[in-house]
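The values are calculated or read from the model by the stated rules, or taken from the named source; none is laboratory data. Fair warning: this is a prediction, and the values are worked out from it, not measured in the lab. Glycine also receives a Cβ, built like all others from the backbone with ideal geometry; neighbour counts cover every protein chain displayed. Keep in mind that these areas ignore ligands, DNA and RNA; they rest on the heavy atoms of the full protein, side chains included. Shrake-Rupley method; radii C 1.70, N 1.55, O 1.52, S 1.80 Å.
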Amino acid sequence: MGAPGPEDDERYLVVKGRRWRREDPALPEEVAARLRSHLGRGRSAVAAARRTQGDPAPHRVRVDLAKHGLGERGTPWWEQSAQERRRRWESAVRDLDALDEGPA
């Protein structure tokens, strides 16, 4: 693999030699903040479940939804149209908010 191109710098972040996908730069800041909040809560709940020998799987759902909404998982955001990107984050926020509402 050669030297990273300029688009790699926009698409990926390297931490300790590992490449991580960056969040979608087209996300409106208020949406990105909501998704990051859900991500943080999910990560905290996973850690708490591990500490108490609980099942972290339900909390990983929140992490996964948030990361998809941010564009860090799933189809790369740079391969999606603007409309697909918007649908991705709107769907993620809707699904994440529904987790907070609980069963109907």
Of 64, 55, 24, the one that fluctuates the most in a GNM where the chain has Cα springs shorter than 10 Å: 55
Förster radius 22 Å - calculated FRET efficiency between residue 43 and residue 90 (Cβ-Cβ, nearest 0.05): 0.50
Given charges at beta-carbon only (K, R positive; D, E negative), |dipole| of the chain in Debye: 520
Residue 94 accessible area, assembled protein chains, probe 1.4 Å, Å²: 150
Lys/Arg +1, Asp/Glu -1 at C-beta; the chain dipole; positive extreme among 98, 57, 40: 57
Scaled radius of gyration (Cα, divided by 2.2 N^0.38 Å) that the stretch 59-104 gives: 1.19
Under 14 Å, Cβ to Cβ, from residue 100 - net charge with Lys/Arg +1 and Asp/Glu -1: +1
Where the chain is the region considered: accessible area per residue in Å², 1.4 Å probe: 67
Relative contact order, percent, the chain [alpha-carbon distance under 8 Å, six or more residues apart]: 25
Among [x] 2, 13, 23, 26, 18, 11, 6, 1, 0; [y] 2, 13, 20, 20, 18, 13, 8, 4, 1, 0, 0; [z] 2, 11, 17, 15, 15, 15, 13, 8, 3, 1, the entry derived from the coordinates for P(r) over Cα pairs in 5 Å bins from 0, in percent: [y]
Carbon plus sulfur fraction of accessible area for the chain, probe 1.4 Å, in percent: 51
Rough spin-label spacing in nm, given labels placed 7 Å along Cα→Cβ, for residue 12 and residue 98: 3.4
Over the chain: helical MRE at 222 nm, DSSP H runs n ≥ 4 each giving -39500 (n - 2.57), nearest 500: -20000 deg cm²/dmol
